[in-house]
Amino acid sequence: MRWGLAGASTIASEHMIPAFRAHGDEVSWVASGNPDRALHYAADHGIGRAFGSLEEALAAGGVDAVYISSTNEKHAPQALAAIAAGAHVLCEKPLAMNLAEAADMVEKAQQAGVVFATNHHLRCAGSHRAIRDLIAAGAVGQVLSMRVHHAVHLPPHLQGWRINDAGAGGGVVPDITVHDADTVRFLLGEDPIEVTALDGTSGMGEGVEDSVMSIWAMPSGAMVFAHESFTHPFAGSAVEVHGTLGSIFAQGVMTQRPVGEIELVTADGRRNVPFSNHNLYVEGVRMFREAVRGSGQPSATGLDGINSLRVALAVREAARSGQRVAVNYGA
Ligand code: NDP
């Protein structure tokens with residue numbers, strides 16, 4: 001497949017360009033808002049063509065799919081332009097700044113008959129698939145609660161728009177809470193009904209939150225606690241799933257790499273749970289390519305991206321209002 005890049009981004013250079021090439025795909029062009037950066041980025045990454053706008057790039061054509069990894073406020077207009085040009089779209093999270101935009105993207109893709117996917121990489125991880133399989137097999141009985149520990153330290157090279165530009169979609173809620181929402185939905189197979197939350201700044205955020213803790217009510221009665229932050233250098237990440245018959249402790253699994261450890265604790269004792277260590281992004285691209293070929297769905301669909309955004313927006317509203325907020329499943 002031939003890919004176009006909308007956004008001369010870090011995630012594309014660190015993970016996605018290698019993931020496309022791992023499948024033998026070609027990265028045909030990069031489109032940036034800055035022509036000079038596009039040229040340098042193309043040269044640095046061995047990309048044939050560079051454009052100073054997505055419109056020019058789409059007019060030049062020559063791609064089957066567009067990967068969108070610009071700042072968050074650009075995702076919707078860029079996705080709509082790519083879809084109008086007949087390209088399949090793999091879009092970064094959060095899909096958009098609001099639900100109306102996200103729904104429009106997914107609807108337009110359906111109407112155009114192109115594949116539209118959300119790059120929620122965590123559900124591609126062997127670790128999360130193993131946790132989901134344990135839960136589905138009844139290893140912990142009825143799930144009572146889940147804790148998601150995703151308080152990390154934003155590396156210096158990413159301490160830009162994420163920590164100081166609300167207009168670009170900055171803040172830890174659109175950045176990390178969406179991932180946690182998708183992960184919980186993937187593991188438990190249900191969508192939160194309502195949430196309550198507190199947010200704040202703890203050393204990085206300037207005009208946007210850099211930390212948030214929230215509690216979600218699930219339809220099954222399970223409760224979920226989620227903690228996201230940009231400012232915690234040593235907290236590590238983890239997922240815990242607690243049920244009537246056992247608990248799953250998964251350390252270090254909220255990450256871009258295929259690492260971590262999973263332990264299942266039941267009345268029979270403790271045991272380590274093995275899992276595949278395949279590359280998360282290579283796997284996501286594999287499933288996207290299969291969907292383009294007409295076989296199956298992308299790992300995370302457009303609807304998955306809308307639903308993770310619904311939860312994140314509810315968390316932000318709950319933190320700002322101090323009220324319990326029902327997750328908006330309307331429209
Ligand atoms: P970057 O800050 O690296 O890139 C975002 C945009 O910023 C680029 O598209 C580019 O604009 C501009 N930019 C990049 N570098 C420079 C620079 N040196 N000087 C000026 N402008 C620059 O963002 P990320 O790669 O961290 O994130 C991009 C998107 O990907 C976000 O939506 C984020 O949420 C998502 N993401 C997803 C991850 C995942 O695992 N699924 C992980 C990390 C990010 P232009 O468009 O004009 O080229």
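The values are calculated or read from the model by the stated rules, or taken from the named source; none is laboratory data. Keep in mind that what you see is a predicted model, and the values were worked out from it rather than measured. Here the Cβ positions follow ideal geometry from the backbone for every residue, glycine too, while neighbour counts run over all protein chains shown.
Take THR183 and decide whether it is within 13 Å of the ligand (Cβ to nearest atom), hydroxyl-bearing (Ser, Thr, Tyr) and not in a loop (DSSP other than H, G, I, E, B).
So THR183 fits the description; yes.
List, please: which pairs have Cβ atoms under 9 Å, are six or more places apart or on different chains, and start with a residue in the range 11-23 that is touching a residue at least 60 places away in the same chain (Cβ under 8 Å) and more than 8 Å from the ligand (Cβ to nearest atom) and end with one that is assigned to a helix (DSSP H, G or I) and among the acidic types (Asp, Glu)?
If the second residue must be assigned to a helix (DSSP H, G or I) and among the acidic types (Asp, Glu), the pairs left are ALA19/GLU283.
Pick out the one residue from ALA57, ALA79, ALA38 that is among the small types (Gly, Ala, Ser), outside the structural domain of LEU313 (by TED's automatic domain parsing), buried (at least 18 other Cβ atoms within 10 Å of the Cβ) and touching a helix residue (DSSP H, G or I) at 6+ places or on another chain (Cβ under 6 Å).
It is ALA79.
Considering (1) surrounded by 19 or more Cβ atoms within 10 Å (Cβ to Cβ); (2) of a type in the set (Lys, Arg); (3) more than 16 Å from the ligand (Cβ to nearest atom), say which one ARG316 fails and leave the rest.
So ARG316 meets the others, but not (3).
Can you find a residue that is at pLDDT 95 or above, over 19 Å from the mean Cα position of the chain (by Cα), surrounded by fewer than 20 Cβ atoms within 10 Å (Cβ to Cβ) and in a helix (DSSP H, G or I) anywhere in the range 214-231?
The answer is no, given that none of the residues of the range 214-231 is at pLDDT 95 or above, over 19 Å from the mean Cα position of the chain (by Cα), surrounded by fewer than 20 Cβ atoms within 10 Å (Cβ to Cβ) and in a helix (DSSP H, G or I).
Restricting to the range 24-57, and then to whatever is more than 8 Å from the ligand (Cβ to nearest atom) and part of a loop (DSSP other than H, G, I, E, B), can you tell me which residue is nearest to HIS75 (Cα to Cα)?
Selected residue: SER53.
Filtering the range 60-72 down to residues that are among the hydroxyl-bearing types (Ser, Thr, Tyr) and within 9 Å of the ligand (Cβ to nearest atom), which residue is surrounded by the fewest Cβ atoms within 10 Å (Cβ to Cβ)? Give the steps one after another, and end with the answer.
Initial filter on the range 60-72 (among the hydroxyl-bearing types (Ser, Thr, Tyr)): 67, 69-71.
Those still in the list that are within 9 Å of the ligand (Cβ to nearest atom) too: 69-71.
Numbers: SER69: 23, SER70: 23, THR71: 18.
So the residue we want is THR71.
For the range 88-147, which positions are more than 16 Å from the ligand (Cβ to nearest atom), part of a loop (DSSP other than H, G, I, E, B) and either touching a Gly at 6+ places or on another chain (Cβ under 8 Å) or on the phi < 0 side of the Ramachandran plot (or both)?
VAL114, VAL115, ALA137, ALA139, VAL140, GLY141, GLN142
Could you grab the pairs with beta carbons closer than 7 Å, sequence gap of 6+ or different chains, first residue in the range 112-124 and farther than 15 Å from VAL184 by Cα, second one of a type in the set (D, E, K, R) and at pLDDT 95 or above?
Going by the 7 Å Cβ cut-off, the qualifying pairs are THR118/LYS93; THR118/ASP304; ASN119/GLU92; ASN119/LYS93.
Kindly indicate whether any position in the range 278-301 is under 27 Å from HIS153 (Cα atoms), part of a helix (DSSP H, G or I), touching a residue at least 12 places away in the same chain (Cβ under 8 Å) and charged (D, E, K, R).
Yes, the conditions are met somewhere in the range 278-301.
Give the number of residues within the range 232-268 that are among the aliphatic types (A, V, I, L, M), out of contact with any His (no Cβ under 6 Å at 6 or more places or on another chain) and within 16 Å of the ligand (Cβ to nearest atom).
Pass one, the range 232-268, residues among the aliphatic types (A, V, I, L, M): 235, 238-239, 241, 245, 248, 250, 253-254, 259, 262, 264-265, 267.
Retained after the next criterion (residues that are out of contact with any His (no Cβ under 6 Å at 6 or more places or on another chain)): 235, 239, 241, 245, 248, 250, 253, 259, 262, 264-265, 267.
Narrowing further to those that are within 16 Å of the ligand (Cβ to nearest atom): 253, 259.
Number of matching residues: 2.
Which residues, counting only those in the range 307-328, are over 11 Å from the mean Cα position of the chain (by Cα) and closer than 15 Å to LEU99 by Cα?
Matches in the range 307-328: ASN307, ARG310, VAL311, ALA312, LEU313, ALA314, VAL315, ARG316, GLU317, ALA326, VAL327, ASN328.
With respect to the numbered conditions (1) of a type in the set (Gly, Ala, Ser); (2) closer than 22 Å to VAL327 by Cβ; (3) touching a strand residue (DSSP E or B) at 6+ places or on another chain (Cβ under 9 Å), which one is the sole condition not fulfilled by GLY169?
In the conditions (1) of a type in the set (Gly, Ala, Ser); (2) closer than 22 Å to VAL327 by Cβ; (3) touching a strand residue (DSSP E or B) at 6+ places or on another chain (Cβ under 9 Å), GLY169 misses (3) alone.
Would you check if PRO258 is in contact (Cβ under 8 Å) with a residue 40 or more places away in the chain, touching a Leu at 6+ places or on another chain (Cβ under 7 Å) and part of a loop (DSSP other than H, G, I, E, B)?
Judged against the criteria, PRO258 is a match.
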